[in-house]
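Right, one structure below, let's go through it.
What follows is calculated from the coordinates using simple rules that are stated; it is not laboratory data. Here the structure is a predicted model, which is why all the values come from computation and not from measurement. Counting neighbours? That spans all protein chains shown, and the Cβs are built from the backbone with ideal geometry, glycine included.
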Amino acid sequence: MKITKIPGLGRFGIYIDDVDLATISNEEWMEIGQLHLNSLVTIIRQANCSKDRFSDLMLQYGEQRNTTQLSQKYYKKYKKDWNWLVTQFENNSDLIEEEDKKILSTIKSLADVTSKGNPLGRVAGGYDKDGRPNGWFADGELDWHSNESGTLTFTPGLGLLGVRGVVGSATGFLTTPDYYESVSESFRSELDDMILLHRFTPGKINPGLRKDQDEIMRMNFCPEDDAEVPMVIQSPGGIRGLHYSLSTAYKIKGLTEGASNRVFQEINANLVTSKYIYDHWYQNDNDLLLFDNSITMHRRLGNIDGRLCYRLPIDYTNLQNEPWQPYFQKTFIRRYNKEIRKVISIAKIKNFKFPKRSWRDYIPGAK
């Protein structure tokens, strides 16, 4: 196994070469996971990884949370879990409203399953003969974003496997910790106190996407306008940086939009630069990309005709020595503790390290 530094991304990002994921041992794979918690972006080139193997390996790190926000929405509406909803949809049950059936039909077109029945997100360009997208983000490029950016309980990690037709396209990354550490102590203190307001704007994340996918995009990025999420958080690997999704963060709580934009412009001028960015232009199929979704943004560039990737959002529970608490503010620690328990219960995830219930455990000197 050969490990080298990715150019850009500050002090983060690693390539891994000369590793065969078809035969890698569990111990070696978990070692890669520990490296990844510290590197934020890990690119395993020419990984020799099948769809089934991709799923099996990713699930060694933690549980998948493919439909977190939609599951919560429909649980509130129908008082039933996701599996019940899918079963009723497949049976064309009258218990589900027609509008929800349309959304579920689109979601089905965005998914694939392994031989064990585990779901995978399909990221593919174009549409089928019935006009349904072949996969997530079926048109155009993607601007800088973090998934589930407008929710406190976002899934912290993603795996993306390039299957075919990826040459001519790129997956780009932007890491934030080095910028955060580079600013003055006074401005860092301001960043620590900032609460971002998020909202979904159709076309801002994926300018070329057709409007019939907007509701699904909204639910997966920012289901409620003016959602509050702290600017500065901690990654599952214990690295502090910005949870700053350029495509949904539109205002700083307590400031006008004009004043917020001036702060954003100051941040962007020093953050969105080549020293913190790396665009991985694929040289071949079957690269496996592991990337942080807490303090790292990502984007897509280039041609996607005939392109197919599989994606899997996961927790890093099995890589963590201690439960992950991303937030530092008393109010948000409390909210996260309450909401993550609800999310995990609805998703029926059994193997999850819950954070400690008391906010005092996470604020030094608190009484």
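For the pair Lys275 and Asn351, what calculated FRET efficiency results from E = 1/(1 + (r/R0)^6), where r is the Cβ-Cβ distance and R0 = 45 Å, to the nearest 0.05?
For Asn351 and Lys275, the calculated efficiency is 0.75.
Using a Gaussian network model on the chain with a 10 Å cutoff between Cα atoms, which of Leu160, Leu191, Leu37 fluctuates the most?
Leu191
Residue separation times 0.36 nm, minus the C-alpha to C-alpha distance between Gln283 and Ser93: what's the value?
63.8 nm
Tell me, in nm to one decimal, what length is gained between Asn48 and Lys116 on full extension, where the rule is 0.36 nm per residue of separation less the Cα-Cα distance?
22.5 nm
Where is the GNM fluctuation largest for the chain (alpha-carbon springs, 10 angstrom cutoff): Leu255, Leu246, Leu158?
Looking only at Leu255, Leu246, Leu158, the largest GNM fluctuation is found for Leu255.
Using a simple spin-label model with points 7 Å from Cα along the Cα→Cβ vector, what separation in nm is obtained for Thr23 and Glu181?
3.8 nm
Tell me, what does the Kirkwood hydrodynamic radius of the chain come to in angstroms if you use every pair of distinct C-alpha atoms?
Result for the chain stands at 21.1 Å.
Run the numbers on the chain and let me know its relative contact order in percent, using alpha-carbon pairs under 8 Å that are six or more apart.
27 percent.
Based solely on C-alpha atoms, express the radius of gyration and the Dmax of segment 281-367 in angstrom.
That works out to 17.9, 58 Å for Rg and Dmax.
Explain nothing, just the number: dipole magnitude of segment 157-256 about its Cα centre with +1 on each Lys and Arg Cβ and -1 on each Asp and Glu Cβ, in debye rounded to the nearest 20.
The dipole of segment 157-256 has a size of about 460 debye.
Treating only the Cβ atoms of Lys and Arg (+1) and Asp and Glu (-1) as charged, compute the dipole magnitude of segment 2-360 about its Cα centre; round to the nearest 20 debye.
920 debye
Which GluC sites (Glu not before Pro) in segment 44-105 pass both tests, a DSSP loop state and at most 15 other beta-carbon atoms within 10 Å?
Glu97
If a/c stays under 1.5 just call it rounded; otherwise compare a/b with b/c (prolate if a/b is bigger, oblate if not). Do that for segment 149-301, with a ≥ b ≥ c from the square roots of the Cα gyration tensor eigenvalues.
Oblate, because a/c is 1.5 or more while a/b does not exceed b/c.
FRET efficiency for Thr4 and Lys253, Cβ-Cβ distance as r, R0 = 30 Å, nearest 0.05?
0.15
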